[in-house]
Structure formats: C-alpha cells, structure tokens
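The values are calculated or read from the model by the stated rules, or taken from the named source; none is laboratory data. All values derive from a computational prediction rather than experimental measurement. Neighbour counts run over all protein chains shown; Cβ positions are idealised from the backbone, glycine included. Only protein heavy atoms, including side chains, enter the accessible area calculation; ligands, DNA and RNA are left aside. Shrake-Rupley method; radii C 1.70, N 1.55, O 1.52, S 1.80 Å.
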Amino acid sequence: MVVAFFASTILAVAAFRFVPVFVTPLMLIRLIEQHQQGEPLKLKHHWVPLSGMSPSMPVAVMASEDQRFLKHHGFDYQAIEKAAIRNLESKKKLGASTISQQTAKNVFLWPGRSWVRKGLEAYFTVLMELMWSKQRIMEVYLNSIEMGNGIYGVEAVAKEHFGCSAKELTRANCALIAATLPNPRKFSSKSPSDYMVKRKYRIMKEMKFIPLFPLEGQDVDPRTVDGGIYKKR
C-alpha cells in the first residue's frame, strides 16, 4: 500500500506537469454541496495556458498572496515565522500558505485544517516544486483556484464577471480578482463591496514592485529582488 501510494502520487504529479487539470476534488465537493442544498449545479471552468492570460494576473496574485513566490521552494519560512508571532498575539489567525501550497491543496486534496491534510499538502508541494517549473505551478494555480460560487480559474471568472477573456483582463480587473481570493465565495469581483475596492487599490500599489511574470523559457527579470519584488524607491 505504501509503495502504491508513493507510485501513484508521483505519477499523478508527473502527469499534471504536462496535462491540463480539468477537474479537482474541490469542484466535485462543491457540486455535491450544491445538490444537497437543492441548488442548481454550477461548474464554470475553462483551461487556458499562462500565455492566454493577462500578464497582470500572475503579478496580482503574487502581490496579494505570495510576493516571494519566485524565491522560495514551496514554503515561505519568513511568512510562517511572521504568521506564528502574529497568531500568538491576535485572535484573528494569519495564514502563510504559498501559491505552491495552495496549488497542491486545490489539485490533489480537499478543504480542511487537519494535520493529515496539512502533511499531505506539504508532501505534494515538495513533489511539485521538484517536478514542475514556477511557470507551471502558476498556470495550474490560476486555472484551478476557486474564484466565486461554481467558478474556477481566470478564464471562467473573466467571462462570468467581466464579460471578456482572461487575456483581456485589465490590471484593475486582475487586482480585484486577487482581492477576493482569501474567500471568493464571500467576496465578489462582480459586485465588489467598498472593502474589496480598497483591497484592490492596495494590491495595485503592491503590483508596482512586482515584475511581469516570466513565461516558460523566459528568464526571471534581473531587476527583481528577494523573489520577484522590485526595490522600493
């Protein structure tokens, strides 16, 4: 059983290095929840390559979720340390999951906070960082992440909320989408609250210090510092 587990998981990660991820465990879980609650089944998802997205989209999620994405190898120990200190002093818990960890959770696992799931998340994160490029991790992340009720990925949210393709999203659109990611079922990029608008502008300010994300085969911008952050003037 142990050999079968490691063999199957390694093969799955290897396959998804090349094969688009058309469905995830979370998508199936949400469909079951919709059925149980008597709601119409909704699953909007369309895979597009990283080159088919607005160049501002990776920049926005790095500015919002993981500014050291190009620097770390799956785990941001500086963010973990800050979150640990903050969580000891405050009742409001601060997370430190990287884009790599979130991708591992979205593609291979289920929602939850158990130690078993966190352990598996770390395992899949290590495999992905070893076998995938940063471009592939970002591509899968932006195609699989939940971005609204029944909406998954950049292309789907662009069509549903902005009436355009992922490639046509503006810088402000991308920042607003990124602003919803802590809780995309509560916060909407289609009808943003004042709080979401403020988060959007805050993210747009941070985006000034993040370079354009390199596509597959391109080098990381040499002006970047500490994992993709421009030196602040």
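This table checks each residue for (1) assigned to a helix (DSSP H, G or I); (2) within 20 Å of residue 154 (Cα to Cα); (3) in contact with a Ser or Thr (Cβ under 9 Å, 6 or more places away or on another chain).
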{"site": "5", "(1), (2), (3)": "yes, no, no"}
{"site": "13", "(1), (2), (3)": "yes, no, no"}
{"site": "18", "(1), (2), (3)": "no, yes, no"}
{"site": "27", "(1), (2), (3)": "yes, yes, yes"}
{"site": "30", "(1), (2), (3)": "yes, yes, no"}
{"site": "33", "(1), (2), (3)": "yes, no, no"}
{"site": "40", "(1), (2), (3)": "no, no, no"}
{"site": "48", "(1), (2), (3)": "no, yes, yes"}
{"site": "51", "(1), (2), (3)": "yes, yes, no"}
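So which residues in region 123-152 are open to solvent by 30 Å² or more (accessible area, probe 1.4 Å) and either without any contact (Cβ under 8 Å) to a residue 40 or more places away in the chain or of a type in the set (Gly, Ala, Ser) (or both), if there are any at all?
Within region 123-152, 130, 133 qualify.
Can you work out which of the residues in region 97-122 that are open to solvent by 60 Å² or more (accessible area, probe 1.4 Å) and within 20 Å of residue 73 (Cβ to Cβ) is modelled with the highest pLDDT?
Within region 97-122, the match that is modelled with the highest pLDDT is 105.
Any chance you could count how many residues in region 173-187 are over 17 Å from residue 103 (Cα atoms), surrounded by 15 or more Cβ atoms within 10 Å (Cβ to Cβ) and without any contact (Cβ under 8 Å) to a residue 40 or more places away in the chain?
Qualifying residue count for the region: 2.
Could you tell me which residue of region 153-171 is surrounded by the most Cβ atoms within 10 Å (Cβ to Cβ), considering only residues that are part of a loop (DSSP other than H, G, I, E, B) and out of contact with any Phe, Trp or Tyr (no Cβ under 8 Å at 6 or more places or on another chain)?
165
Taking only pairs six or more apart or across chains, which ones have beta-carbon atoms under 6 Å, a first residue in region 96-122 that is in contact (Cβ under 8 Å) with a residue 60 or more places away in the chain and outside any helix (DSSP H, G or I), and a second residue that is of a type in the set (A, V, I, L, M, F, W, C) and surrounded by fewer than 20 Cβ atoms within 10 Å (Cβ to Cβ)?
Close Cβ pairs (under 6 Å, with a partner that is of a type in the set (A, V, I, L, M, F, W, C) and surrounded by fewer than 20 Cβ atoms within 10 Å (Cβ to Cβ)) amount to 109/120.
Here are some residues: 43, 88, 94. Which one is aliphatic (A, V, I, L, M), farther than 16 Å from residue 124 by Cβ, more than 15 Å from the chain's Cα centre (by Cα) and at pLDDT 95 or above? Walk me through it before giving the result.
Details: 88 fails: at pLDDT 95 or above; 94 fails: at pLDDT 95 or above.
It is 43.
Restricting the first residue to region 1-25 and requiring it to be open to solvent by less than 60 Å² (accessible area, probe 1.4 Å), which pairs with a second residue that is of a type outside the set (S, T, N, Q) and outside any helix (DSSP H, G or I) meet a Cβ separation below 6 Å and a spacing of at least six or different chains?
Final answer for the pair search is 20/47; 25/110.
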